[in-house]
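Structure first, commentary second.
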Amino acid sequence: MQHYVALVWAPDDKRAGREATRVREVLLYSWDPIWEPLVRTDGLVVYSKTPVDAAMSAYVLADGRGTIVGRLFSSPPNVRPIRSAELAPVSHVASIDRWLQDRYWGQYVGFFRTPNDSKVCVLRDCSGHIPCFYLYLNGLYLFFSDLADLQALHLRFSINKRYLSAFISRQPLHVRETGLNEVTELLAGDRVTVAAGSCHISPWNPRSIVADRAIDNYDEASSSLVTLSESIIAAWATCYRRILLTLSGGLDSAIVLGCLKRLGLADRVVCVTQYTPGTADDERLYARSAAQMAGVSLTELPRISDGRLYIEKLDLLPPDPRPDISKTDRLLFLDALNGVADEFGCDTLWTGQGGDQIFLQVHHPYGAADYLIQHRTLSGFASVVYQSALLSRHSVWSVLSDALSYKFRRGCLPPAVVGGRGSRFLAEGVPAGYAEESLALPWRGGSERIPPGKLDQLDLLFDLLNRHKPIIGLERPYEQHPLISQPLLELSLRIPTYHLLRGGRQRSLARAAFADRVPAGILMREDKGSVTEHVRSILREGAPYIRERLLDGRLVSLGIIRRSALEGILRQEETFAKDDLFPIFASIAIEAWMQHWTLNSAQSVAA
């Protein structure tokens with residue numbers, strides 16, 4: 001995790017300049033000495049804190065007009081960590097996103113001034129690993145990764161009820177709004193241009209990757225996937241002394257471990273797996289086989305289903321602009337994971353996250369449509385139709401009909417899947433968050449040239465890259481997801497779906513490409529573990545404590561949720577469906593989040 005604070009304003013705006021001076025004085029007085037200035041110019045000032053994550057760093061452009069916080073690597077094929085002195089010169093800031101994305105990749109947030117000092121550009125990389133929020137103060141834009149770093153300013157906010165109602169009723173929800181009206185988050189890959197006191201956001205455009213330079217050769221795609229994955233994993237491994245890898249028992253984490261073994265790095269790896277005895281979440285058999293094949297030690301940690309402890313842990317969450325369900329779930333295991341990391345001297349915690357979206361874990365029937373759109377001849381089409389039918393469990397005629405529809409009616413695109421499962425818990429008169437058009441995925445615009453299978457993959461990647469946030473101050477070490485990297489994302493988007501899903505199997509290309517690195521039992525399995533029973537156990541065992549939080553909580557008092565809708569479930573007087581779990585735990589997450597704020601009659605809040 002990288003802590004930074006950036007002040008951006010128009011140099012000719014005297015009011016904004018005075019505000020920047022005030023903010024700097026307050027922050028510098030409150031901060032400890034481990035904060036350092038990276039850029040100090042009229043209109044752009046950036047401070048960075050000495051990173052806890054060993055991989056993170058800070059880069060200052062040679063002309064002093066910009067800085068990048070995070071970690072950069074050189075682009076393939078010669079992937080390696082980059083030092084600040086090695087950065088190539090930037091000719092003009094209008095091309096800063098292309099300059100970064102073409103020459104480098106990594107995890108970063110960059111701040112750059114134009115040569116004529118008229119604009120400042122802020123760029124968050126497409127991995128979404130380092131948070132980036134901003135707020136506006138009297139002409140000054142304040143960008144930051146951790147709201148706690150601004151506590152000395154004694155800022156006041158107001159609750160965004162529209163966001164909170166959407167957070168309960170929809171999943172996934174990735175918008176730039178947050179739970180605080182005054183705070184905005186940049187999505188993965190966003191670029192911000194600040195000029196003349198205004199702020200304009202441009203989203204990342206991965207559609208061009210799909211449309212250009214397709215790898216329509218299976219053997220080339222397979223070879224490229226292996227070579228690039230090993231290069232990415234090797235590059236990240238150079239940043240750490242010892243790696244704690246979470247083995248889920250599935251394919252993706254086993255691939256990461258197999259690559260580490262093949263690279264000769266197994267002696268620097270310790271593995272850990274979590275399980276719930278007697279449920280589908282108990283995948284220790286598979287995790288053991290992967291650890292044994294790589295010759296590494298494996299620590300097995302039972303999942304904790306203590307509902308009371310779950311509620312107590314929620315109070316440890318630091319203040320943040322928005323609630324987060326993934327954080328509340330991870331809190332129960334942090335102590336155990338931190339303990340294993342300390343025991344073995346590990347300074348990073350790796351996962352296999354990203355494999356479902358990059359290697360493609362789907363059941364959709366679009367492979368045949370993608371093939372028909374991308375080829376002028378029908379050679380091989382019949383085989384792809386059969387494989388798509390096998391994968392989707394649709395009839396051959398249904399798959400063929402859909403493929404012809406997409407081929408000759410290009411405007412007919414698969415709908416984006418936006419959940420809406422918790423509306424029944426909302427109070428009467430509370431809208432379910434946002435209108436459908438405001439939830440349109442920014443990567444879908446101008447998608448007529450994109451095959452439907454790739455459009456579906458873009459939706460999956462949008463969710464992945466905007467999903468997880470670090471638990472600042474509590475994670476030790478921070479999670480690292482080596483598969484979630486710009487080069488692998490781009491490579492996967494260039495490989496047609498009918499190659500990724502060859503033979504009618506999910507993640508088929510990856511299974512074949514990494515077959516010599518992964519145990520046969522993991523390669524053959526089609527099922528995935530489920531934590532549903534673990535989550536149900538928390539709800540059952542923690543019902544008395546959850547009732548206390550929710551039934552008389554702030555969501556009820558603010559008129560966002562109906563007490564009666566939750567009461568029967570939380571008193572265990574009625575059964576609940578699987579689709580009820582998310583809105584219930586979303587409500588719990590919001591209640592924990594709101595503990596950091598003090599409300600007055602005007603609903604303004606302060607830390």
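Structure data summary
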read-out	value
Filter pass, Gly503 being surrounded by fewer than 18 Cβ atoms within 10 Å (Cβ to Cβ), within 28 Å of Ala382 (Cβ to Cβ) and of a type outside the set (A, V, I, L, M, F, W, C)	yes
Residue identified as under 24 Å from Val518 (Cβ atoms), among the charged types (D, E, K, R) and in a helix (DSSP H, G or I) among Glu230, Glu300	Glu230
Matching residues, the stretch 522-551, being of a type in the set (D, E, K, R) and closer than 13 Å to Phe585 by Cα	Arg536, Arg540, Arg547, Arg549
Residue in the stretch 71-85 that is surrounded by the fewest Cβ atoms within 10 Å (Cβ to Cβ), counting only those that are in contact (Cβ under 8 Å) with a residue 40 or more places away in the chain and in a loop (DSSP other than H, G, I, E, B)	Pro77
Options Ser537, Ser530: the member that is assigned to a loop (DSSP other than H, G, I, E, B) and not assigned by TED's automatic domain parsing to the domain that holds Ser289	Ser530
Meets criteria (touching a Leu at 6+ places or on another chain (Cβ under 8 Å), among the aromatic types (Phe, Trp, Tyr) and assigned by TED's automatic domain parsing to the domain that holds Thr114) for Tyr29	no
Yes/no for Thr50 being assigned by TED's automatic domain parsing to the domain that holds Gln107, within 19 Å of Gln151 (Cβ to Cβ) and among the polar types (S, T, N, Q)	yes
Residues satisfying the stated conditions in the stretch 118-161, i.e. over 21 Å from Arg18 (Cα atoms) and of a type in the set (A, V, I, L, M)	Val122, Leu123, Ile130, Leu147, Ala148, Ile159
3 or more residues within 27 Å of Met594 (Cα to Cα) and of a type outside the set (Asp, Glu): qualifying strands (runs of 3 or more DSSP E) within the stretch 88-187	133-137, 140-144, 156-158
Unmet requirement for Gly559, which otherwise passes all of (1) outside the structural domain of Ala291 (by TED's automatic domain parsing); (2) at negative phi; (3) modelled with pLDDT of 80 or more	(2)
Residue within the stretch 397-407 that is modelled with pLDDT of 75 or more, farther than 30 Å from Asp53 by Cα and in a strand (DSSP E or B) present	no
From Pro477, Pro519, Pro482, Pro470, residue being farther than 21 Å from Ile232 by Cβ and buried (at least 17 other Cβ atoms within 10 Å of the Cβ)	Pro519
Identity of the residue in the stretch 194-204, in contact (Cβ under 8 Å) with a residue 12 or more places away in the chain and within 23 Å of the chain's Cα centre (by Cα), that ends up surrounded by the most Cβ atoms within 10 Å (Cβ to Cβ)	Trp204
Verdict on Thr348 being within 30 Å of Leu225 (Cα to Cα), buried (at least 20 other Cβ atoms within 10 Å of the Cβ), in contact with a strand residue (DSSP E or B) (Cβ under 6 Å, 6 or more places away or on another chain) and not assigned by TED's automatic domain parsing to the domain that holds Ile130	yes
Residue within the stretch 548-559 that is outside any loop (DSSP other than H, G, I, E, B) and farther than 15 Å from Ser165 by Cα present	yes
Subset of the stretch 188-227 (residues that are small (Gly, Ala, Ser), part of a helix (DSSP H, G or I) and touching a helix residue (DSSP H, G or I) at 6+ places or on another chain (Cβ under 7 Å))	Ala221, Ser222, Ser224
Only listed residue being free of Cβ contacts under 8 Å to residues at least 40 places away in the same chain, under 26 Å from Asn78 (Cβ atoms) and surrounded by 18 or more Cβ atoms within 10 Å (Cβ to Cβ), chosen from Glu230, Glu220	Glu230
Condition check for Ile82: assigned by TED's automatic domain parsing to the domain that holds Asp42, within 23 Å of the chain's Cα centre (by Cα) and aliphatic (A, V, I, L, M)	no
Enumeration of residues in the stretch 289-336 that are closer than 15 Å to His534 by Cα, more than 25 Å from the chain's Cα centre (by Cα) and charged (D, E, K, R)	Asp306, Arg308
Number of positions in the stretch 543-569 that are among the acidic types (Asp, Glu) and within 30 Å of the chain's Cα centre (by Cα)	0
Residues located in the stretch 278-331, provided they are at pLDDT 85 or above and aromatic (Phe, Trp, Tyr)	Tyr286
Top-ranked residue of the stretch 292-332 - restricted to ones that are touching a strand residue (DSSP E or B) at 6+ places or on another chain (Cβ under 9 Å) and among the hydrophobic types (A, V, I, L, M, F, W, C), ranked as nearest to Cys271 (Cα to Cα)	Leu298
Residue match in the stretch 381-390 (condition: under 32 Å from the mean Cα position of the chain (by Cα), aromatic (Phe, Trp, Tyr) and at pLDDT below 90)	no
Residues being in contact with a Ser or Thr (Cβ under 7 Å, 6 or more places away or on another chain) and either under 30 Å from Leu247 (Cα atoms) or surrounded by fewer than 18 Cβ atoms within 10 Å (Cβ to Cβ) (or both) - total across the stretch 532-562	5
Enumeration of residues in the stretch 513-527 that are outside any loop (DSSP other than H, G, I, E, B) and more than 19 Å from Gln353 (Cα to Cα)	Ala520, Gly521, Met524
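For every residue, the table says whether it meets (1) outside any helix (DSSP H, G or I); (2) of a type in the set (Gly, Ala, Ser).
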{"residue": "Gly249", "(1), (2)": "yes, yes"}
{"residue": "Ser253", "(1), (2)": "no, yes"}
{"residue": "Gly264", "(1), (2)": "yes, yes"}
{"residue": "Val270", "(1), (2)": "yes, no"}
{"residue": "Met293", "(1), (2)": "no, no"}
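The values are calculated or read from the model by the stated rules, or taken from the named source; none is laboratory data. Just so you know, these numbers come straight off a predicted model, no measurement behind them. Methodologically, a virtual Cβ is constructed for each residue, glycine included, from the backbone with ideal geometry; neighbour enumeration extends over all protein chains shown.
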